[in-house]
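Novice: Before we start, here is the structure in question, set down as structure tokens.
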Amino acid sequence: MNFEQLGVAACFVKSLEKRSIKEATDIQCKVIPSLNAGESVFFTSATGTGKTFAYLLPLLTALIGKEKTTFGPYILIAAPTLELCSQISSELDFLLEGSPIRSFLAIGSISLDRQIENYKKTKPDIVIGNPNRLLLLAQKKILKLNNLSSLVFDEADRLVSGEMIDDTAELCSLIRKFAKIDKILIAACSATINKKCVDKVSDVFFEEGQGREVKFIESEDNEILRDKIEHWAIFSEKRRKDQTLRSLLAAIKTKKSRVKALVFISKGDEAALVLSRLQYHHVPCSGLFGKIGKNQLSGAERKEALELFRNGSVDVLVSTDLAARGLDIPDITHVIALDVPSDSEVYIHRCGRTGRAGKRGIMVTIGDETQMRLLASLEKKLKIRVNPKELYMGKICVPEVE
């Protein structure tokens, strides 16, 4: 089905055509009509299936025809990381080019005073930000919540877990206080949100005991994990992992096609160490992670690292899971994990950085005996097939069976 048939405004259809996007994905075909009809939705589909456009297109279509008799913002979008917020903001800039609709990015890496000054000048219709900064702006009464018509929670499961849940809950409390919550259209999405998670999300988004009926939509595109991504396992002792990584990067690089590899490591200090070793051996790479001991990469440094990888200046990006969740970086050929998460959702999010927009990708796990056992458990749980590989004489081979 095309976007015009789904009721998307003609100006946005033309924008999509500039990227040769003409047919809607399964999740877009299901979500766009529901939001057009004024139904709040929680939805899930595999990464790379167009969830961002699934909520942006109908909300922007409604906004473009809205008579503005009051000050905005009318749409508030919350996301967990500055990288994902920036990515959503970029997609908005793309769709809104030439439009009178104004958007504003509110993230914690920017000076608060300068951000407040820019906000007042912009007078945005749409605000995108992480919960902490949105909450701070709302508490200072810079971000007005009384005229909200739509509320989006991207990577909703992350927003209501761990260190983010308190800020998200307080932000929602302020929204309930100042806005007419029963009039607000709500969209919440993630690749790993399920019906059980919806209950947890609802408890935070809505006042306890006052939950609303929200439609839950699941996409058939979740088979991407099995159909579009090839899973490899390479054994390596812990002390040799960075050497194995360098050997793998050399082996997958060919004259015909360029490698674009995203390397995941759970801990920031270990990610920084691997990055420094790759750079020492002249591997073109950059790093994307948060706090390392008492040190922390600034927002500008993280943005630069991501842009170097995105534009092809470096072939490898070393990242933690927290920094890269939800990112849409075109043409990643390989995702390489140097540890195995105990949580299957983390593995799904890692895989989802490749095999996007109908393309194929490869997920490689480099681990020792303990991690290979963990990977075998994930293989069974996720119903995927993990193919053992080994590196021999600079080539990737299938191990001989003894």
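Where a number appears in this text, it was derived from the coordinates with a stated rule and is not lab data. Given the structure is predicted, the values throughout are model-derived calculations rather than measurements. Positions of Cβ are backbone-derived with ideal geometry, glycine not excepted, and every protein chain shown enters the neighbour counts.
Novice: Can you list the residues, at least 5 places off or on another chain, whose amide H is less than 5 Å from the amide H of Phe104, using H built in the peptide plane?
Specialist: Ile126, Val127, Ile128
Novice: Same structure, new question: Got a sec? How would Thr244, Thr70 order by Cβ neighbour count within 10 Å, fewest to most?
Specialist: Thr70, Thr244
Novice: Would you list Asp199, Asp242 from fewest to most Cβ contacts within 10 Å?
Specialist: Asp199, Asp242
Novice: Treat region 114-191 as a sphere of radius equal to its Kirkwood radius over Cα pairs and apply Stokes-Einstein at 37 °C in a medium of 0.692 mPa s; give the translational diffusion coefficient in µm²/s, rounded to a whole number. Walk me through the numbers before you get to the answer.
Specialist: Details: Rh = 13.2 Å.
Here the translational diffusion coefficient equals 249 µm²/s.
Novice: Rg and Dmax of the chain over Cα atoms: what are they, in angstrom?
Specialist: 21.6, 76
Novice: Let me ask something additional. Based on other C-beta atoms within 10 Å, arrange Glu213, Glu379, Glu83 from fewest to most. All intermediate terms of the calculation are to be shown ahead of the outcome.
Specialist: Numbers: Glu213 7, Glu379 15, Glu83 24.
In increasing order of surrounding Cβ atoms, one gets Glu213, Glu379, Glu83.
Novice: Another question, then. Cα convex hull of region 88-217: mean projected area in nm², to one decimal?
Specialist: On the way: hull surface 34.3 nm².
The orientation-averaged projected area of the Cα hull of region 88-217 comes to 8.6 nm².
Novice: Which whole-number percent is the relative contact order of region 133-209 (Cα, under 8 Å, 6+ apart)? Write down the numbers at each step before the final one.
Specialist: On the way: 76 pairs, mean separation 30.1, N = 77.
This gives 39 percent for region 133-209.
Novice: Right, next: Tabulate in residue order the Karplus-calculated ³J(HN,Hα) for region 374-381, using 6.51 cos²θ - 1.76 cosθ + 1.60 with θ = phi - 60°, rounded to whole Hz; enter x for Gly and Pro.
Specialist: The phi angles translate into 4, 5, 4, 5, 5, 4, 6, 5 Hz.
Novice: Give me the lysines in straight-line cross-link reach of Lys177: C-alpha distance below 25 Å, same-chain residues under 8 apart excluded.
Specialist: Those lysines meeting the cut-off are Lys66, Lys68, Lys120, Lys123, Lys140, Lys141, Lys144, Lys200, Lys215.
Novice: Can you tell me the alpha carbon radius of gyration of region 225-377 divided by the globular rule-of-thumb value 2.2 N^0.38 Å?
Specialist: The reported ratio for this selection is 0.97.
Novice: Over the chain, what relative contact order in percent results from Cα pairs under 8 Å that are six or more residues apart?
Specialist: 18 percent.
Novice: Taking the alpha-carbon centroid of each part, what is the distance from region 349-392 to region 30-97 in angstrom?
Specialist: Computed from Cα coordinates, the inter-centre distance equals 32 Å.
Novice: Need one number for region 1-136: average projected area of the convex hull over its C-alpha atoms, nm². Can you show the working numbers first?
Specialist: Details: hull surface 34.5 nm².
Answer in nm², one decimal: 8.6.
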